[in-house]
Amino acid sequence: MDHRKRVHVFRNQEETSAFLRRRWSEISAESVSRRGFFAVALSGGKTPVPFYTSMAETRIDLPWERTHLFLADERFLPLDHPDSNCRLLQQTLLTMKQLPPENVHPVPVETTGLRATARASARRYERDLTRFFKISPGQFPCFDLILLGIGEDGHTASLFPGSAALTERRHLAAPVVLDPVRHHRITLTLPVINHADNVLFLVTGENKAGVVRKVVCREDLSLPASRVRPESGNLDFILDEDAGSQLTRQECGAS
Ligand code: 6PG
């Protein structure tokens, strides 16, 4: 097992959410005391919805005034479209009002007009990230926490198997061209994900058990999620028993 890779298997989704709330609380407190703010990038999908809802209701005292919320990926859609990740957050986590609106940093999708392309949105998102983190060209931002999911095909954020975005080494955000059902996307790139201090994968459900095993054990590096390997940060897999059902303690160091 890698030095900083940990696998946590919980009985059910409620326990995964409770664990994530504790990690969020610890990481945000540490980040605020060290650098004065807490920068987190969140994913869409169905899996994190109960966690986001529970965060909106939590009584834990969290440093919301100093929390800055970004997205790991976004669909190239208007922000009020039912499939928009920003909309998902507005309807779950952001129903609580303590987070100042200016601390929410959506991917600047502009879907009308001649210059409206996923590539242009990715460039604008990159510019926003560069300004927020005050970094120079060639540097990568350091998120305190990036929360990711895994698709059955091994994608994570909007990094899909075989996608050109996987080879991006310079840009912070990349456009991803997909079919109309999955929509075109904008995603953080692997160098950004791998510069984070903490990357947490949240995966639940039996349909993910096979891919979880491959990713945790790094059996198949063609799976984008297997390429997530923080350079000096922590990597945690937070699973329910169904998603972790194909792991063994010896093979994967599951706890
Ligand atoms: C998204 C994601 C994506 C997601 C996986 C898993 O916006 O859709 O960031 O990478 O995490 O597709 O999705 P589910 O949680 O719905 O299975």
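Observations
- The residues packed around residue 245, meaning those with a beta-carbon under 11 Å from its beta-carbon, carry a net charge of -2 if Lys and Arg are +1 and Asp and Glu are -1.
- Over 26 Å (Cα to Cα) - which of 5/97; 134/208; 5/214; 46/134 fall in this group: 5/97; 134/208; 46/134
- Taking the average, over residues, of other Cβ atoms within 10 Å as the packing measure, peptides 199-209, 175-185 rank 199-209, 175-185 from highest down.
- Compactness index (Cα Rg / 2.2 N^0.38 Å), the stretch 29-180: 1.05
- Convex hull of alpha carbon positions in the chain: directionally averaged projected area 13.0 nm².
- Rounded to the nearest 20 debye, the dipole size of the chain about its Cα centre is 700 debye, using +1 on the Cβ of Lys and Arg and -1 on the Cβ of Asp and Glu.
- Which of 101, 82, 192, positive extreme of dipole for the stretch 5-252 (C-beta unit charges): 192
- Rounded to the nearest 500, the helix-only mean residue ellipticity at 222 nm of the chain stands at -8000 deg cm²/dmol, with each DSSP H run of n ≥ 4 adding -39,500 (n - 2.57).
Only the coordinates and a few stated rules stand behind these numbers; no lab work does. Being a predicted model, the structure only gives us computed values, none of them experimental. In this analysis, Cβ positions are derived from the backbone assuming ideal geometry, glycine residues included, and neighbour counts consider all displayed protein chains.
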